[in-house]
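The values are calculated or read from the model by the stated rules, or taken from the named source; none is laboratory data. Remember, predicted model here, so these are calculated numbers, not experimental data. FYI the Cβ positions are ideal-geometry reconstructions off the backbone, even for glycines, and counts take in every protein chain you see. To get the accessible areas, we keep the full protein, side chains included, count just its heavy atoms, and leave off ligands, DNA and RNA. Shrake-Rupley method; radii C 1.70, N 1.55, O 1.52, S 1.80 Å.
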Amino acid sequence: MDPLEKALKELEAHTLEELLTRLAEQQTLRAKGEPVRLPRVTLHLRSGREVQGFLLEQREDRRGGKAVVLHALSHNGQRPEPDAIFVQPEVIEAITVHDLPSLAQLPKGGPPPPTRLELKRKLAARQASLAASLGTPLELEVDWDPLQSPEALSAIDSLGTRALEVLEGLARELMGLEALRTKVRKLNLSVGPATQVHLEEQSLRLVTTLSVLGWQSKEELQSAIEKVL
């Protein structure tokens, strides 16, 4: 599949509001240490004006008003300016997302992805700790065959870290602990074309995308897991 077509499919946005929310989440993930790029966008306003910059966040004031915040770029888009641009979402008519295939990749200069052996050891240690907290057996299963690239290993590393943090948090709550003890005996992690969370026959199956754009935040993953429990 063409990289641009693949990135477009994994963006999974249908309205401008959904697109802005999805792109703004990149800054939230970045602030938490996730290896993501800030999206460079051009906002096409109803007035006919265009503003370009790195999308930082969506802000909401006490009265429910919203603003989209950009780190401004020069007119030719070649360098960042020491300016921030605040735009009301309702005046945005269209959005251009630049370099979409690059946005879906891990940024250069970040920490190197783990090797397969490092990842196996890391996940095994977290799995053993969670099983001890539950007081019941918990098998960890990873679909290793497709994990041939650094991007795939990074995707599983991110999914495993978030998933085990979510499950450890649930295990500290009485209702969560009981649900995990009675409903989950296996945790399965894999990479696929779309994110998925399923519980079948005491197997909690979690699927993440290869593209960073498709990764679920910890909060999204927790919500999805809680629904199936």
Revision key, fill the gap. Counting only residues that are of a type in the set (Ser, Thr, Tyr) and at pLDDT 90 or above, the stretch 114-132 contains a total of 1
Practice item. For Thr96, work out the one condition from (1) polar (S, T, N, Q); (2) part of a loop (DSSP other than H, G, I, E, B); (3) touching a residue at least 12 places away in the same chain (Cβ under 8 Å) it doesn't fulfil. Key: (2)
Practice item. Could you grab me the full set of residues in the stretch 144-169 that are closer than 14 Å to Thr209 by Cβ, part of a loop (DSSP other than H, G, I, E, B) and open to solvent by 40 Å² or more (accessible area, probe 1.4 Å)? Key: Pro146
Check your understanding: Looking at Arg162, Arg172, which is the one that is basic (Lys, Arg), in contact (Cβ under 8 Å) with a residue 40 or more places away in the chain and closer than 24 Å to Ser223 by Cα?
Key -> Arg162
Review point. Within the set of pairs 6+ apart or on separate chains, which have a first residue in the stretch 20-44 that is closer than 17 Å to Lys66 by Cα, a second that is modelled with pLDDT under 75 and not in a helix (DSSP H, G or I), and C-beta atoms under 7 Å apart?
Key: Arg22/Ala13
**Study point:** The listed residue being in a loop (DSSP other than H, G, I, E, B) and either within 24 Å of Leu153 (Cα to Cα) or touching a residue at least 24 places away in the same chain (Cβ under 8 Å) (or both), out of Leu180, Leu187, Leu210
**Key:** Leu210
Exercise for review: Can you work out which of the residues in the stretch 192-220 that are buried (at least 17 other Cβ atoms within 10 Å of the Cβ) and at pLDDT 90 or above is farthest from Val97 (Cα to Cα)?
Suggested key: Leu204
